[in-house]
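**Student:** Structure below; questions to follow.
What follows is calculated from the coordinates using simple rules that are stated; it is not laboratory data. None of these values were measured; they are calculated from a predicted model.
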Amino acid sequence: MVHPKFNQGEPLSPWREKLNEVIFGAETQLGKAFDVVLIVSILLSVLAIMLDSVSSIRLDYGKWLWRIEWFFTIMFTVEYIARLVCVRKPLLYVKSFYGLVDLLSVIPTYLTLFISGAKYMLVIRILRVLRLFRILKLAEYVGEANVLIRALTNSRHKIFVFLYTVLTLVVVFGSLLYVVEGEENGFTSIPKSVYWAIVTLTTVGYGDIAPSTPLGQFIAAAIMIMGYGIIAVPTGIYSAELVRAYTGKENNEACPTCGQSGHDYDADYCKYCGHVLEIEEESATS
């Protein structure tokens, strides 16, 4: 029984139900074929955009690349509209991650009619290849990725405090080196000295600026040693949250109403729109 607070919306008509099964499902032959064609089209469109950025290729094949770009843009526009048509609540899909990516993957081409160079933003289409995980039955890897994201989200406050501490240290050390070394040794300003402190503390060490006085070198050595110790801090924070995040698994079957995935395996309702998630049982009884 559907919870009364959830508005399920009007049931899909047979053709919309079939379209939903093909576009959002990966169990049927048509669904698999649709996803494979989509992935190949995405890769080809991104390749065309990358080739267009090469001046010599653009000079010889610019017109063909322009036609290919518009072909894929119109194709993806039709596909995006079809996705909106075959879900019960299109607004929920529009606001989802994949919905935003799908929309942003077609907008830049239309913007080229008004803004020159906007078409190179189309490389965002490569994010759509993330659907490859579902096509190749790699849902468990998607679940692992969700665990990593959840752990990073849960540790964001601690990481923010850590970054604030690091920022304070580099400002202090940068200012100190500006006073110790001075402009004659390359530390011409506090911002440039802070840049040196960041490079040194992170143990990158470009070598474009280096202290030459004994006191400056001593401070630099202390910062380098401190950098090795600091590296372990965010790793420990993230690892602790990662252990906590491994407490549950997710079901990556897309909801027929909003197209969202990432639900708990034991969930009866979609956590985004409230629709019943027993998709296979519903289709079996209909």
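**Student:** Hey, could you get me the Stokes-Einstein D for segment 14-117, Kirkwood radius over alpha-carbon pairs, 37 °C and 0.692 mPa s, rounded to whole µm² s⁻¹?
**Tutor:** Details: Rh = 15.1 Å.
Result for D is 217 µm²/s.
**Student:** Please list the non-local residues whose amide H lies under 5 Å from the amide H of Y269, H modeled 1.01 Å from N, same-chain partners needing a gap of 5 or more.
**Tutor:** Result for Y269 returns L277.
**Student:** Quick one: what are the phi-derived ³J(HN,Hα) couplings along segment 64-79, Karplus 6.51/-1.76/1.60 with θ = phi - 60°, whole Hz, x for glycine and proline?
**Tutor:** 5, 5, 5, 5, 4, 4, 5, 4, 5, 5, 5, 4, 6, 5, 4, 5
**Student:** Filter the cross-link list K158/K192; K32/K271; K18/K63 down to pairs whose alpha-carbon distance in this structure exceeds 32 Å.
**Tutor:** On the way: K158/K192 28 Å; K32/K271 26 Å; K18/K63 38 Å.
With Cα atoms farther than 32 Å apart: K18/K63.
**Student:** Let me ask you something else. Apply the a/c threshold of 1.5 to the C-alpha gyration tensor of segment 154-245 and tell me whether it is rounded, prolate or oblate. Before the final figure, lay out the partial values.
**Tutor:** Values: a/c = 3.29, a/b = 2.45, b/c = 1.34.
Prolate shape, in that a/c is at least 1.5 and a/b is the bigger ratio.
**Student:** For Q260, which sequence-distant residues (separation of 5 or more, or a different chain) have an amide H within less than 5 Å of its own amide H, given hydrogens modelled in the peptide plane?
**Tutor:** C255
**Student:** Here's a follow-up. Short version: ³J(HN,Hα) in whole Hz for each residue of segment 201-216, in order, from phi by Karplus 6.51 cos²θ - 1.76 cosθ + 1.60 (θ = phi - 60°), x for Gly and Pro, what are they?
**Tutor:** So the Karplus estimates, Gly and Pro as x, are 5, 7, 6, 7, x, 5, x, 6, 10, 8, x, 10, 8, x, 5, x Hz.
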